[in-house]
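The values are calculated or read from the model by the stated rules, or taken from the named source; none is laboratory data. Quick caveat, the model's predicted, so the values are computed rather than measured. For neighbour counting, all protein chains shown are included, and Cβ atoms are generated from backbone atoms with ideal geometry for every residue, glycine included. With ligands, DNA and RNA removed, areas are computed over all heavy atoms of the protein, side chains included. Shrake-Rupley method; radii C 1.70, N 1.55, O 1.52, S 1.80 Å.
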Amino acid sequence: MFHKASLILIQTLPQLALLKDKITQQWIDDSDVTMILKGHAISVNYFRDHYASGVFNFFMDVLESKIEVGDCPVIGSFLEYLKDREICADELFVICSQFRQTMIDYGVGICDDPIALSKELSNVFDRNFSGVLKSYTDTIFAKEQEIAKNVKLLGEYKKAIDASAIVSKTDTVGMITYINDNFIRRCGYRSDELIGTRHDIVWDETESQELFERIHEKMLSGETFHETVKNRKKSSEIYYVDMTMIPIYDHNNEICEYMEISYEVTTLIEATREAVAADKAKEYFLSNMSHEIRTPLNAILGFVSLLEDEVVSDRHQQYLNIIYNSGENLLSIMNDILDFSKLQSGEFIVDPQPFNIHEELSKTLELFVSSANEKQTTLLSYFDPKIPHILVADILRIKQIISNFISNAIKFSPPSSTIEVRVSCDETRLAISIRDWGIGLSENDLCRIFDPFSQVKSDAEKILAGTGLGLAICKKLAEHMDGKITVTSTKGEGSLFTLEIPVEIQKGVNRHLFDPEPFKQLNIALLRKHNVNSKTLESLEYYLDFFDFPRDVISIDDVDAYDLILFLDEEIDTLSLQELKAKQKKMIAIMEHLSDRYDHEALVTPLFFPFYCAKIHKAFSEAIRDERQQDTMQRKMQRRFNAKVLVAEDNSANQELIKVILERYGIDFVIVSDGLKAVEYFKKDVFNMVLMDEQMPMKTGIEATMDILNFEASQERKHTPIIALTANVIKGAKERGLESGYDEFLGKPIVIKELERVFERYLDELESQTHEYLEYEIPNASSGIDYQTLQKELQLDVQQLKVLLAIYVKKMDEILPKLYAAMESKDLALIRKLSHNIKGSSANFRFSEIQRISKVIEESAADNDADFEFKEAFKVLEEEYQKISLI
């Protein structure tokens with residue numbers, strides 16, 4: 001409805017419009033209005049610019065009948081602006097009334113009938129103010145509705161929490177102020193026993209002090225505390241809760257109380273403990289099973305080593321090599337069984353190490369020659385000779401995957417078929433594929449072959465032997481190494497499995513896998529009888545073509561002009577062989593399978609599948625060797641490294657052993673007897689590597705390592721590799737050592753191949769030298785010392801071993817009386833130290849029983865096992881030591 005203005009008002013409005021700035025300023029300057037604005041943190045200038053001017057304009061438009069009397073939109077927007085500031089109705093009334101009064105004051109001062117003008121202005125204002133009050137009321141009602149809704153929703157939340165959770169509140173000093181029914185039901189106390197008491201009334205006494213400190217630290221910083229807490233009921237029964245504690249703030253933003261919301265997890269905790277116990281039982285079972293298999297297997301491998309020196313036949317030597325490699329493979333499988341549980345639990349650790357892919361995969365292939373021969377299956381190999389000599393990856397896991405692929409290929413291939421193994425490598429990725437022409441896989445099989453316990457059926461729909469875990473393990477292993485496995489297959493036509501693994505290339509290591517130069521001076525010919533394509537011959541020619549190996553293809557009538565004849569075993573008959581022998585030709589027989597056909601043929605060197613560079617080179621070298629040249633001396637290529645090494649080792653026998661080993665590799669060295677001296681020497685000299693024992697006086701290996709790392713950082717020195725060389729090989733020791741700063745972790749007994757691998761990785765290699773040494777007579781085994789094994793594993797001659805063993809005996813004669821005296825005085829720390837010393841030095845000489853007993857003594861002392869019969873153990877230890885005789 002529009003306002004009908006009177007004549008007096010019409011006459012006054014132009015003058016009022018001219019007074020706008022004065023009217024609005026006087027309105028805002030009113031003390032009550034100013035106090036209200038400041039009370040709600042509203043800038044006076046902001047109110048004048050955004051609201052006061054708009055209210056004046058709106059009111060003038062109503063007076064001039066330009067717009068209807070009613071709600072003032074400017075006041076509505078002002079109320080919206082104030083919605084979170086909780087302005088009350090009285091304050092709003094004061095602001096609006098003061099505007100009306102200011103308008104009246106200025107209006108009556110400029111008109112002839114002030115009373116009439118005052119009445120008219122008041123009437124218009126009151127009719128508009130009713131709209132303003134309505135806007136305010138609607139806003140308050142909406143807030144009340146929202147509050148009511150939220151209160152109801154909050155009540156529902158409280159019901160839900162009370163139905164499932166244990167809820168309590170405490171004041172700022174930890175006194176309980178509120179508990180719900182669940183709290184009472186769980187703890188067994190009455191409400192009056194809980195309200196007003198400290199919250200730790202329900203905490204188990206083993207938790208109270210430490211738990212309170214942890215909570216106090218969180219609450220002081222205003223953080224939320226969340227932890228599983230061990231509680232005790234009134235009946236003393238233990239229960240566990242998953243507790244969350246949050247601070248509650250008052251209107252001054254200060255903490256006024258704490259709320260705890262908990263859920264009972266006793267069943268979950270007990271189930272977790274049972275699972276851990278079951279896991280330990282499983283680990284114990286697997287460990288024991290591994291030990292029981294290792295014991296007879298070690299005997300098998302030991303006797304195979306002895307037979308290798310007694311057997312003359314190349315074929316029998318090959319059989320022994322297969323047995324030995326199979327035994328070593330079985331040992332690695334035992335480790336794989338233990339690792340499978342780690343795969344499942346997420347504890348599996350990838351262990352990248354430098355390796356020679358040519359050597360490692362050729363050894364793996366040889367393991368399957370026997371099983372392939374049983375099915376008359378030929379293994380063809382195509383290893384790219386350009387693949388760098390040294391790669392870095394987890395070769396144990398790679399071989400495990402490839403072994404599974406080859407085993408499956410043989411299992412699912414028909415007799416008299418072939419299997420191809422191809423290996424290639426670019427700058428960052430190694431690819432190994434196994435191709436067979438067996439039963440193949442259906443689409444359904446392809447979808448599930450990597451599922452645990454899934455097995456493929458043969459053509460007769462009969463499930464073949466196996467657990468069905470192999471490919472599932474392979475897939476997990478590949479994924480852990482950031483690799484992948486791909487499969488292509490057609491039912492009835494065979495399968496192609498490919499493993500792709502990221503690798504690093506070890507720079508600066510170049511070694512010829514095959515040097516064809518000595519053979520290029522010979523006239524070599526390939527004797528062919530039928531000149532038909534031979535798939536097996538392709539594998540050999542793959543390598544010969546790569547090295548640009550000269551050869552002619554001839555018939556038997558043309559052999560006279562050649563020094564070396566290659567022929568396919570399948571194409572030669574007895575008569576032809578006799579003819580070649582009569583011509584006194586040196587020959588290489590290319591055979592699909594190992595046999596004894598040429599065992600007694602001095603002129604024929606057998607070369608059987610699978611082929612690879614090292615095997616081809618060996619066959620050609622043997623074929624042209626002059627058997628009349630017999631040396632009474634043994635020759636061996638000894639690798640040498642340009643380096644200076646710091647050795648920290650407190651055991652004198654171990655010091656001498658390391659000294660001899662380093663001298664053999666041409667490495668300069670400094671040996672110190674404790675961790676403190678190791679740090680001192682490191683600071684005043686430059687070394688290329690540090691070999692660090694763990695348990696030493698003054699400073700442990702880890703302490704010395706951390707000091708060295710800190711020194712390097714402070715001096716901005718290039719990092720020197722630090723290699724742990726310790727008898728402390730219990731579970732987790734390696735991981736803790738590597739986390740503490742070791743670059744590599746080698747256990748005792750010292751394994752020369754492992755030590756050489758570390759040298760190869762971190763040190764600069766010099767040109768290898770040929771050393772000649774006499775064969776010494778092996779002492780009698782009744783001495784209690786396995787010289788045969790020690791020679792093989794430490795690569796030392798008997799005279800060197802005798803010197804080192806004499807030092808060991810001298811050390812033992814000194815340390816055993818000290819150990820017994822420590823047992824007499826029950827000095828557990830000294831017992832632990834001395835037995836650890838015995839364990840390490842005995843392990844290096846493969847005195848396994850002395851090592852085992854000293855380990856038991858060490859662990860019992862470390863566990864403060866008062867019931868352990870130390871003197872009885874010492875008696876057994878001494879009896880074992882007495883069996884050793886240096887002769």
Once Glu360 and Lys233 are pulled to full extension, the length gained, defined as 0.36 nm per residue separation minus their Cα-Cα distance, is 39.5 nm
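Which value in Å does the Kirkwood hydrodynamic radius of region 823-871 take, with 1/r averaged over all unlike C-alpha pairs and then inverted?
10.7 Å
Provide the FRET efficiency to the nearest 0.05 for the Glu210-Glu754 pair, computing r from the beta carbons and using R0 = 41 Å.
Efficiency for this residue pair is about 0.40.
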Considering only protein heavy atoms and a 1.4 Å probe, what is the carbon-and-sulfur percentage of the accessible area of region 516-662?
45 percent
Other-chain or far-sequence residues with amide H under 5 Å of Arg232's (modelled H):
Trp203, Asp204, Tyr239
Give the long-range amide H neighbours of Arg551: residues separated by 5 or more places, or on another chain, with amide H under 5 Å away, using H modelled in the peptide plane at 1.01 Å from N.
none
Express the accessible area of region 186-225 per residue in Å², computed with a 1.4 Å probe while the remaining protein chains stay in the model.
60 Å²
List the pairs from Lys644/Lys684; Lys753/Lys811; Lys484/Lys615 whose alpha-carbon separation is above 18 Å, in the order I gave them.
Lys753/Lys811; Lys484/Lys615
Interchain or sequence-distant (5+) residues whose placed amide H lies within less than 5 Å of the amide H of Met689 are Lys644, Leu646
By how many nm would the segment from Asp865 to Val553 grow when fully extended, if each residue of separation counts as 0.36 nm and the alpha-carbon distance is taken off?
104.6 nm
Accessible-area order (highest first, 1.4 angstrom probe) of the listed residues Glu712, Glu879:
Glu879, Glu712
What is the pair-distance distribution P(r) of region 146-187, computed from all Cα-Cα distances in 5 Å bins starting at 0, with each bin given as a whole percent?
6, 21, 20, 20, 18, 11, 4, 0
Too-long pairs where the Cα-Cα distance tops 30 Å, listed order kept, from Lys659/Lys818; Lys152/Lys218; Lys159/Lys234; Lys386/Lys718; Lys399/Lys802; Lys659/Lys871:
Lys152/Lys218; Lys386/Lys718; Lys399/Lys802; Lys659/Lys871
Whole-Hz ³J(HN,Hα) for each residue in region 642-652, computed from phi via Karplus 6.51 cos²θ - 1.76 cosθ + 1.60 with θ = phi - 60°, x for glycine and proline: what do you get?
8, 7, 10, 10, 9, 10, 10, 7, 9, 8, 5
Karplus couplings for region 597-603 from phi (6.51 cos²θ - 1.76 cosθ + 1.60, θ = phi - 60°), rounded to Hz, Gly and Pro as x?
4, 10, 4, 10, 9, 5, 8
Please give me the summed charge of the neighbours of Ser495: other residues whose Cβ is under 12 Å from its Cβ, Lys and Arg +1, Asp and Glu -1.
-1
Through the Karplus equation 6.51 cos²θ - 1.76 cosθ + 1.60, θ set to phi - 60°, convert the phi angles of region 849-856 into ³J(HN,Hα) values in whole Hz; use x for Gly and Pro.
6, 5, 4, 5, 5, 5, 5, 4
How far is it, in nm, from the label point at Gln882 to the one at Lys38 when both lie 7 Å from their Cα along the line to the Cβ?
10.4 nm
Assign one of three labels to region 490-596, namely rounded, prolate or oblate, based on the Cα gyration tensor with a ≥ b ≥ c the square roots of its eigenvalues; rounded applies when a/c is under 1.5, prolate when it is not and a/b is larger than b/c, and oblate otherwise.
oblate
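Roughly speaking, to the nearest percent, how much of region 352-421's 1.4 Å accessible area is carbon and sulfur?
Here it works out to 54 percent.
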